[in-house]
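Notes follow once the structure below has been shown.
Every number in this text was worked out from the coordinates using simple rules, so none of it is lab data. Keep in mind the model is a prediction, meaning the values are calculated, not measured. FYI the Cβ positions are ideal-geometry reconstructions off the backbone, even for glycines, and counts take in every protein chain you see.
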Protein chains: 2
Amino acid sequence: MKRVLLTIEYDGTDFHGWQYQPDLLTVQGVIENALYKLFSKKVTVIGSSRTDAGVHAHGFCCHLDCDDNIPDVAFLRGVNSLIPPTVAVKECKTVANDFHARYDAKGKTYIYHIYNSNEKDAFKSRYAWHIERQLNIDKMNEFCQMLVGTHDFAAFCSSGSQVETTVRTISECFVKKQGSDVTLTVTADGFLYNMVRIIVGTAVAVSDGRVLLENIPAILQTGDREGAGMTAPPNGLFLEKVLY
Amino acid sequence: MKRVLLTIEYDGTDFHGWQYQPDLLTVQGVIENALYKLFSKKVTVIGSSRTDAGVHAHGFCCHLDCDDNIPDVAFLRGVNSLIPPTVAVKECKTVANDFHARYDAKGKTYIYHIYNSNEKDAFKSRYAWHIERQLNIDKMNEFCQMLVGTHDFAAFCSSGSQVETTVRTISECFVKKQGSDVTLTVTADGFLYNMVRIIVGTAVAVSDGRVLLENIPAILQTGDREGAGMTAPPNGLFLEKVLY
């Protein structure tokens, strides 16, 4: 047996997220289904995290154990031929037998895409949040800067998740604009449930003036979810990279 | 009453083509549905042509009649707010009362996208035909050049269509490569059923050596569909522009 680490890209539009759910199309489900066809037995895949329905990934990671006489490149091609065209294994490499895709992750980078234009675009709708009014990039960046560092992000977390602590460390958080494409990039040692989408929703609320920059320290301190902005829609969110 | 010409963009992935079909999602269906909501009466939209299920459009055109006190820009915004995000009205302009989107079309330009790479890409699958083997662009262009002019394209037409003549005039037809994106652009005064997709399938067959360049004149002359290549999948095809 050997352990392999897969780097996976997926268009999340049609998927109910990463995590296997009976009777629903999930990324883990289609990969485990392909592995069943390859090996004629159930192989469990361990993902670096969950992703929500509709969220995309360029560099999702997962590990699994397989027979050690299968070359990594053959494994990659075999799996790719058995999964839908909207999921692609980009890399397959052998790792240590005690490597763990979730526990060994030192952090993750997400990029959220906003299509900021008063013109409708049929081809951007699956991959960006469409906002017509002009966003204030400077104000959004001021907000992002306030999040960098170690904070209790309870205000930026949807209920329904059970975590020991809501303290996380954000190492970078910034907004960039290129034409009508506005992106918010955030790297942290870990993320709470819906954390990136609430950060984006709050950044937009700050741009609009519905949430004031001067109130952000108090929102962080009190953990008041109501003080932060809405949860941005899932379709703009891309898991870019898992850091090991 | 006034007549307006709409220019429409759509991601055809989820649509059963342009043409209205009961109980199926079609582009004409969602637009007529929006018009029904706007005007509380049935308004018929006349398209420049049909498109097949899964085919996309950047510049599809259609016309309809509406009350002449509605400004074009208000009409555009109203319709856009009532149709799915994967369909966008890009332009709305008042035209002569006897203008006809189909009969007045002098020609159309299609662009077909091939993703030519041995790497799988989850985000290209909806918008390009994935071909792993390296394509021979020069040979494909030689083939394209043979099609330019007025020919009987019976060999490049799927059965099931009823047309008076299968003679068409192609004014431009060429292949371009930019990195892994290979495009075939074709402009003609009109197109037969599946004509662009069969031209693309044949161009690929020529590249592969399965169809020989020297046999193309005979294939055109005899109208032998079997001599031409396969019908390329719909997802790579974009209607770019209707010429009036």
(request) For the protein assembly as shown, would you read off the P(r) tail past 33 Å as a percentage of all alpha carbon pairs? (result) 50
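Considering only DSSP beta bridges where both residues belong to chain A, give the percentage that are antiparallel (nearest 5).
Details: 44 of 49 bridges.
Among the beta bridges of chain A, antiparallel pairing accounts for roughly 90 percent.
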(request) Identify which of A:Val73, A:Val55, A:Val186 has the largest mean-square fluctuation in a Gaussian network model of chain A, with springs joining Cα atoms closer than 10 Å. (result) A:Val73
(message) If I model a spin label at B:Arg50 and A:Glu164 as a point 7 Å from the Cα along the Cα→Cβ vector, what separation in nanometres do I get?
(response) 6.3
(message) Using a label point 7 Å beyond Cα on the Cα-Cβ vector, give me the inter-copy distances for B:Asn215 in nanometres, one decimal, shortest first.
(response) 7.3
(message) Residue by residue through A:116-128, how many Cβ atoms from other chains fall within 10 Å of the Cβ on average?
(response) 5
(message) Given R₀ = 60 Å, what would the calculated FRET efficiency be for A:Leu24 paired with B:Asp98, taking r from the Cβ atoms and rounding to 0.05?
(response) 0.70
(request) Shortest first and in nm with one decimal, please list how far the A:Ala105 label point sits from its counterparts in the other copies (point 7 Å along Cα→Cβ). (result) 4.7
(request) Under 26 Å Cα to Cα from B:Lys93, which lysines show up? Leave out anything in the same chain fewer than 8 places away. (result) A:Lys120, A:Lys124, B:Lys2, B:Lys37, B:Lys41, B:Lys42, B:Lys106, B:Lys108, B:Lys241
(message) I want to verify a result. In a Gaussian network model of chain A, Cα cutoff 10 Å, which of these has the top mean-square fluctuation: A:Ala218, A:Ala203, A:Ala34?
(response) A:Ala218
(request) Using only the Cα atoms, work out Rg/Rh for the range B:187-244, with Rh taken as the Kirkwood radius, to two decimals. (result) 1.00
(request) Counting residues in chain B as N, plug N into 2.2 N^0.38 Å and put the Cα Rg over that result. (result) 1.07
(request) Quick one: with label points 7 Å out along Cα→Cβ, list the inter-copy distances for B:Val167 in nm, shortest first? (result) 8.3
(request) Quick one: pull the percentage of alpha-carbon pairs in the range A:26-116 with a separation above 20 Å. (result) 38
(message) To check you understand DSSP bridge types, tell me what percent of the beta bridges within the protein assembly as shown (both residues inside) are antiparallel, rounded to 5.
(response) 90
(request) Working from the alpha-carbon coordinates of the range B:65-203, get Rg over Rh, Rh being the Kirkwood radius. (result) 1.06
(request) Compute the Cα gyration tensor for the range B:1-51, then decide on rounded, prolate or oblate, letting a ≥ b ≥ c be the square roots of its eigenvalues: rounded whenever a/c is under 1.5, prolate when a/b is larger than b/c in the other cases, and oblate in all that remain. (result) oblate
(message) If I build a Gaussian network model for chain A, linking alpha-carbon pairs within less than 10 angstrom, which residue out of A:Glu132, A:Glu142, A:Glu91 has the largest mean-square fluctuation?
(response) A:Glu132
(request) Largest first and in whole Å, give the semi-axes of the range B:156-225's equivalent ellipsoid, each being the square root of 5 times a Cα gyration tensor eigenvalue. (result) 22, 16, 11
(message) Inside 10 Å of the C-beta atoms of B:75-84, what's the mean count of C-beta atoms belonging to other chains?
(response) 1
